[in-house]
Structure formats: C-alpha cells, structure tokens
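What follows draws every value from the coordinates through simple rules; no lab data is involved. The structure presented is a predicted model; accordingly, all values stated were derived computationally and were not measured. Counting neighbours? That spans all protein chains shown, and the Cβs are built from the backbone with ideal geometry, glycine included.
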Amino acid sequence: MSPQPPGWYQDPSNPDQLRYWDGVSWSNHTTPKKSPTASQSQGGLAQAASDAKAGQAGPPVPTTPMPRGSGWHGQARGGQSPQAAPQVDQPRAGWATGVPTTADGVLLSGYGKRVLARILDYLITAFIGIIVGWSWVSDLVTWYTGVLQRAADTGVLPDTAALQVEMSSRLTPVLLVSGIVALVYETGFLVWRGATPGKMAAGIHVRRTGRPGPLSILDALKRQALTIAGWALGSLPVLSTVLGFVIILDYAWPLWDSKRQALHDKIADTQVVVGKQERTATTP
C-alpha cells in the first residue's frame with residue numbers, strides 16, 4: 001500500500017473529529033471536522049474527500065499502533081487489520097507527546113539530566129584542578145591546618161581581618177587554576193564532541209538552536225560568558241553580589257523557559273537536547 005501524505009484525516013475512533021497522520025503513524029492531536037486548521041493541512045482534507053468519493057471508509061491504515069484507548073485497535077478497514085510494526089524510539093516525535101523540542105523536532109533535555117551532568121562535570125574539573133594546582137592546594141591546606149592547630153593549642157582565635165587577607169592571597173591561585181581548567185574543559189569538549197563527559201554520561205548534547213552538531217569555539221565561549229564575568233568581577237563587593245544572583249537565576253531558568261534554555265543558552269543561542277548529535281561543519 002502506498003504511503004499516505006501527512007495531514008488531517010477522519011479519526012478511526014471518533015467519526016465526528018479529525019486526527020493528524022504524520023505520514024508514518026497516528027498522533028495524539030485531534031480537531032473537530034470543521035477546524036480551519038484542518039483545511040490548511042497539506043493534502044489532509046483533500047485526501048479525505050477523495051477517499052469518501054471512492055467509497056473508502058476512512059483514513060490510511062497506520063503502520064504503527066494508535067495510542068492506547070484510541071479505539072483503533074481491533075478495527076479493520078476494508079477487511080484488513082491494522083499492521084502494527086514494532087515501536088521504535090524516535091526522538092523527533094516529541095511534538096506528538098507534548099515534550100518540548102527544537103524547531104526541527106529533536107527532544108530537549110529535562111532539568112534533571114542537566115543537573116546531573118553539571119554535578120559530574122564539577123567533580124571531574126575539581127579533581128583535575130587539584131592535580132594541576134597541587135602545590136597551591138597543599139600550601140593552602142597546610143597553612144589553614146596550622147591556623148586551626150595554633151588556635152586549639154593557645155585558645156586564642158586569630159585576627160579575623162588578617163586571616164581573611166592571608167586566606168585570599170593563598171586561595172586566589174587555587175581559584176584561578178580551577179577556573180582555567182573549567183574553561184578549557186568546557187570549551188574543548190563542546191567543540192570536539194558537542195558535550196562534556198558529564199553531559200555524555202547523562203545522554204545529552206549541546207547544539208545551536210538552528211542546526212545540529214558541535215559548537216564553534218566562539219559559541220562555546222559565549223555559553224560561559226556569565227561564569228567568566230563572575231571570575232573577573234567577583235572581587236568587587238556590589239557586582240559580585242549581583243553576579244551571584246544572576247548565576248543562580250541562570251541555572252534555574254530552564255525550569256520555566258518554554259525552550260528549556262538557561263540564560264547562558266540564550267546568550268550563545270544554544271539548546272541542550274537528548275541524544276548524540278551528528279557532526280556537521282561549524283562556523284563562528
């Protein structure tokens with residue numbers, strides 16, 4: 001049997017409404033027969049009218065099962081039983097299940113996967129940062145352990161202002177090394193693989209909103225603009241407070257955004273999607 005074009009056809013489970021056929025299987029989208037949208041679908045009503053004139057009682061036989069409870073199961077068309085092909089996981093069918101997708105139909109990542117990926121990446125970069133900056137880390141730990149030990153032996157707490165100055169001088173190189181490691185890690189993996197190891201473990205990848213594939217170096221750096229600003233301006237009292245609030249808001253933004261984008265995604269025009277993306281040519 002020749003494939004039917006996508007469009008609106010008479011619903012097999014309810015003759016008073018139309019159901020959308022995507023060219024392969026029935027969707028969950030229905031509409032009244034007089035819906036103006038249905039009249040605009042490509043070939044849908046025209047095909048239905050042609051079928052009616054030819055004496056064919058209904059829309060094409062689906063090659064995948066109708067949704068449970070649709071009423072299609074067990075029905076026959078012209079003495080033929082519906083041919084139920086094995087269900088295949090098709091990530092581009094998100095529009096039919098109500099899950100947000102990219103403009104070209106790729107499923108967007110849920111918030112939980114993004115949080116899991118961020119935690120895994122943080123643990124990995126922290127471990128790398130400790131190894132790369134071991135001399136500064138060990139010096140910081142040794143100094144602070146000594147401060148605590150002296151306070152315990154003498155019962156006298158160190159001067160708070162002097163302690164903060166000393167702590168800042170010893171902590172600064174540690175934070176600098178950690179920041180550089182995170183920047184190189186994030187940029188390198190997004191350009192090379194389209195995902196960091198944490199994202200790959202969570203089964204998600206990053207892409208531009210308009211096309212699949214790994215990011216350019218500029219795209220990857222744009223995604224980290226807020227973090228870079230936090231490093232550069234974090235020592236300024238007022239700006240550090242404002243940036244801290246913005247970064248918290250950034251991480252929470254996908255919870256209510258219709259495109260599931262964080263603020264850094266909007267800056268770089270990226271989206272986080274489910275599954276591995278094919279490599280394509282990237283341009284800055």
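If you take the beta carbon distance between residue 211 and residue 115 as r and set R0 to 25 Å, what does 1/(1 + (r/R0)^6) give as a FRET efficiency, to the nearest 0.05?
0.45
For the pair residue 104 and residue 246, what calculated FRET efficiency results from E = 1/(1 + (r/R0)^6), where r is the Cβ-Cβ distance and R0 = 30 Å, to the nearest 0.05?
Using R0 = 30 Å, I get an efficiency of 0.50.
Listed highest first by mean packing, meaning other Cβ atoms within 10 Å per residue, what order do 101-109, 169-177 come in?
Result, highest mean first: 101-109, 169-177.
Using the C-alpha atoms of the stretch 204-281, what convex hull volume per residue, in cubic angstrom, is computed?
Normalising the Cα hull of the stretch 204-281 by residue number yields 85 Å³.
By the scheme Lys and Arg +1, Asp and Glu -1, what is the net charge of all other residues having a beta-carbon under 15 Å from that of residue 184?
In short, 0.
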